[in-house]
1. Within the stretch A:222-242, does at least one residue satisfy the condition of being surrounded by fewer than 18 Cβ atoms within 10 Å (Cβ to Cβ), over 15 Å from the mean Cα position of the chain (by Cα) and closer than 30 Å to B:GLY22 by Cβ?
2. Only residues that are closer than 14 Å to A:LEU120 by Cα and at the interface with chain B (Cβ under 9 Å from one of its Cβ atoms): list them for the stretch A:161-171, please.
3. Kindly provide the set of residues from the stretch B:302-338 that are assigned to a helix (DSSP H, G or I) and either in contact with a Lys or Arg (Cβ under 6 Å, 6 or more places away or on another chain) or among the aromatic types (Phe, Trp, Tyr) (or both), ordered by number.
4. For B:PHE88, work out the one condition from (1) out of contact with any helix residue (DSSP H, G or I) (no Cβ under 7 Å at 6 or more places or on another chain); (2) more than 8 Å from chain A (Cβ to nearest Cβ) it doesn't fulfil.
5. Among the numbered conditions (1) crowded, with 19+ Cβ neighbours inside 10 Å; (2) within 22 Å of B:ALA280 (Cα to Cα), tell me where B:VAL180 comes up short.
6. Please go through the stretch A:23-71 and give me each residue that is assigned to a loop (DSSP other than H, G, I, E, B) and touching a strand residue (DSSP E or B) at 6+ places or on another chain (Cβ under 8 Å), ordered by number.
7. Please work out which residue is modelled with the highest pLDDT, limiting yourself to the stretch A:85-104 and to residues that are part of a loop (DSSP other than H, G, I, E, B) and out of contact with any Ser or Thr (no Cβ under 9 Å at 6 or more places or on another chain).
8. Out of B:LEU67, B:LEU49, which single residue is at pLDDT 95 or above and more than 11 Å from chain A (Cβ to nearest Cβ)?
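The values are calculated or read from the model by the stated rules, or taken from the named source; none is laboratory data. All values derive from a computational prediction rather than experimental measurement. Cβ sites come from the backbone with ideal geometry, for glycine too, and all protein chains shown count toward neighbours.
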There are 2 protein chains.
Amino acid sequence: MEENKSKKQTKISELRQDIVTGDWVVIALGRGKRPGEFVKKREAYPPLLDKCPFCFPEETGQEKDVLVFRRSDGDWSLRVMPNKYPAFSRNQPVKNFEEGPYFGMSGVGYHEVIITRDHLRQIAVLDPIEVAEIVDAYQDRYINLMSKKSVNYIEIFHNHGREAGASIEHPHSQLMAIPVVSPGIQLELDGAEIYHKSNRKCAFCSIAGWEIEKKKRLIFENDNFLAFCPYSSRAAFEVWVMPKAHKPYFERITNEEKIDLGEALQKSIGAVFKTLEDPAYNFYIHTSPCDGKDYPHYHWHIEILPHTAIWAGFELSTGIEISTIEPEKAAEELRRNV
Amino acid sequence: MEENKSKKQTKISELRQDIVTGDWVVIALGRGKRPGEFVKKREAYPPLLDKCPFCFPEETGQEKDVLVFRRSDGDWSLRVMPNKYPAFSRNQPVKNFEEGPYFGMSGVGYHEVIITRDHLRQIAVLDPIEVAEIVDAYQDRYINLMSKKSVNYIEIFHNHGREAGASIEHPHSQLMAIPVVSPGIQLELDGAEIYHKSNRKCAFCSIAGWEIEKKKRLIFENDNFLAFCPYSSRAAFEVWVMPKAHKPYFERITNEEKIDLGEALQKSIGAVFKTLEDPAYNFYIHTSPCDGKDYPHYHWHIEILPHTAIWAGFELSTGIEISTIEPEKAAEELRRNV
């Protein structure tokens with residue numbers, strides 16, 4: 001959080017709790033930023049010295065495709081290939097390491113990139129049906145990798161803009177299939193189970209029901225999905241896209257649901273794009289692990305985090321994020337731009 | 001993590017576990033960055049249109065000091081004042097809010113800034129004894145605020161550079177005394193207790209003992225403190241400064257220890273400054289809550305996080321950070337610059 005930015009302090013801030021993890025965020029109402037103040041000029045990409053690796057995968061020595069979708073004219077529209085410089089490596093033996101009090105293991109897993117055809121057309125300007133195609137690829141790769149030995153969690157995510165960690169400008173998502181489930185995710189799984197035990201219903205279903213009814217933070221809905229700014233947003237203009245029905249496992253998404261998700265995701269990212277004038281952002285899927293256990297109380301969803309704040313010493317230390325706009329106001333603005 | 005940056009992939013990455021929280025990090029060995037590749041040009045501060053609020057607190061309408069240290073010539077050397085635009089507000093009634101399934105409370109607490117005299121002298125170039133004076137101020141304010149009603153955790157932190165969230169250039173630390181303990185911190189407290197039960201010793205004492213003995217990741221030590229790159233570093237060139245003896249509570253630091261901490265902290269930050277050519281960074285104290293409970297198994301310490309990476313979709317979603325230099329190599333480099 002950047003201190004001393006605003007010129008007035010009228011209202012006291014609000015601590016809001018995440019009902020799943022128990023985590024806290026601060027909504028710093030007093031800092032009273034207007035939506036326009038969140039617009040930031042993005043850093044340009046350096047000019048390509050050579051061909052774009054994702055426009056010309058063959059010519060630039062990328063790995064061989066593991067999935068290709070083609071148009072009726074035979075040209076590809078989407079392709080998935082192993083990341084050339086993977087954070088997790090395929091076809092390696094799993095080794096455990098010990099060093100004194102410490103413990104580690106070899107980084108075995110899968111790291112893939114999901115690429116759409118056009119260098120200049122980011123998700124915000126795609127047709128909803130093209131986004132449904134991306135979701136279709138996510139599902140295909142998820143199902144292919146979930147039963148691999150040593151894969152216990154699959155993370156699918158998308159970085160847009162240099163500030164959000166995308167070093168290649170060409171629009172692409174990534175998938176990492178990894179051998180561990182982080183305590184950060186475990187906290188959410190455990191929280192969902194505890195909530196279910198106390199309330200006899202799913203926490204995310206409670207949230208979806210409330211947001212659809214009240215519409216204060218709702219941005220968009222169709223038959224199968226809703227998009228809204230979460231009550232305890234960790235970043236200004238954060239948006240969640242969630243199935244309306246109780247669904248623990250992303251990979252079981254139906255074709256009809258994929259079309260609705262494509263629409264909800266495209267509308268949400270489009271609204272963020274218009275409101276914040278093409279900001280850097282990340283989105284990622286939170287779903288149940290594929291570690292052979294059941295997670296009947298979890299409810300998968302997508303979190304979109306525009307790059308609107310710097311998480312500084314306080315946030316890094318405590319895990320409590322400070323956001324300088326009420327999610328209700330952010331939603332109002334986003335709704336206008338859907 | 002930025003993908004596709006490096007030009008070679010020789011070694012498989014390593015997953016390393018935090019023995020306290022159970023969290024995982026990825027040390028991406030194969031990306032093989034050289035230390036020099038982590039040097040980033042920092043964004044300059046815009047020229048001051050008016051006087052610096054921290055050079056001239058009286059003239060710029062800051063809040064009244066709550067602590068002042070003076071030199072023998074009568075001029076101030078350090079002062080602490082309430083943040084003019086606090087994230088948490090003093091002298092307000094605590095109110096709880098409910099909205100449907102959600103829960104929140106008013107952001108009541110204390111938010112102070114700790115300012116050293118000289119606009120141009122950051123911690124990296126201070127004398128160790130001047131850093132001990134800053135630690136002395138931290139302790140003074142901590143003790144003053146820890147018994148206040150509704151204060152359950154006190155976070156002391158320092159942001160350096162715009163990229164690390166410092167919107168004012170003048171060197172300053174901040175203190176936030178808040179009503180809640182985040183699950184992020186609770187995870188560390190719980191982990192320390194579980195480790196103690198299983199191993200009959202403190203996890204942090206095990207770490208300190210091992211690092212002092214092996215010296216692979218050690219950067220500096222004196223009678224009371226050690227500084228080292230943690231085995232499961234979350235960022236390249238991360239450094240922890242830790243008391244050698246088992247100490248759960250920062251606020252009980254003695255005068256002799258303050259002098260040693262001033263030295264260890266100044267040497268560590270100085271080494272980071274030289275190695276990465278004045279990077280943006282955050283540091284913060286992790287200590288036991290002041291919520292009236294005892295935390296005999298915890299061991300306070302300071303974490304220094306240079307701004308060497310972008311935490312993108314994967315890190316934000318999973319909480320698993322990817323670092324592209326081995327902590328052993330980072331320590332080797334930092335040792336050279338102590």
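1. Kept after step one, since they are surrounded by fewer than 18 Cβ atoms within 10 Å (Cβ to Cβ), are these residues of the stretch A:222-242: A:222-223.
Among the residues that remain, those that are also over 15 Å from the mean Cα position of the chain (by Cα) are: A:222-223.
If we keep only those that are closer than 30 Å to B:GLY22 by Cβ as well, we get none.
Looking through the stretch A:222-242, none of the residues is surrounded by fewer than 18 Cβ atoms within 10 Å (Cβ to Cβ), over 15 Å from the mean Cα position of the chain (by Cα) and closer than 30 Å to B:GLY22 by Cβ.
2. Step one: filter the stretch A:161-171 for residues closer than 14 Å to A:LEU120 by Cα, giving A:161, A:168-171.
Selection gives A:ILE168 alone.
3. Within the stretch B:302-338, the subset assigned to a helix (DSSP H, G or I) is B:313-318, B:327-336.
B:PHE314, B:PRO327, B:GLU328, B:ALA331, listed by residue number.
4. Of the numbered conditions (1) out of contact with any helix residue (DSSP H, G or I) (no Cβ under 7 Å at 6 or more places or on another chain); (2) more than 8 Å from chain A (Cβ to nearest Cβ), the odd one out for B:PHE88 is (2).
5. (2)
6. Restricting attention to the stretch A:23-71, the residues satisfying the condition of being assigned to a loop (DSSP other than H, G, I, E, B) are A:23, A:28, A:32-34, A:39-66, A:71.
The answer is A:ASP23, A:ALA28, A:PHE54, A:PRO57, A:GLN62, A:GLU63, A:LYS64, A:ASP65, A:VAL66, A:ARG71.
7. So in the stretch A:85-104, the residues part of a loop (DSSP other than H, G, I, E, B) come out as A:85-88, A:90-95, A:100-101.
Next cut, out of contact with any Ser or Thr (no Cβ under 9 Å at 6 or more places or on another chain) only: A:90-91.
Working: A:ARG90: 88, A:ASN91: 77.
Looking at the filtered set, the residue picked out is A:ARG90.
8. Working: B:LEU49 fails: at pLDDT 95 or above.
Result of the check over B:LEU67, B:LEU49: B:LEU67.
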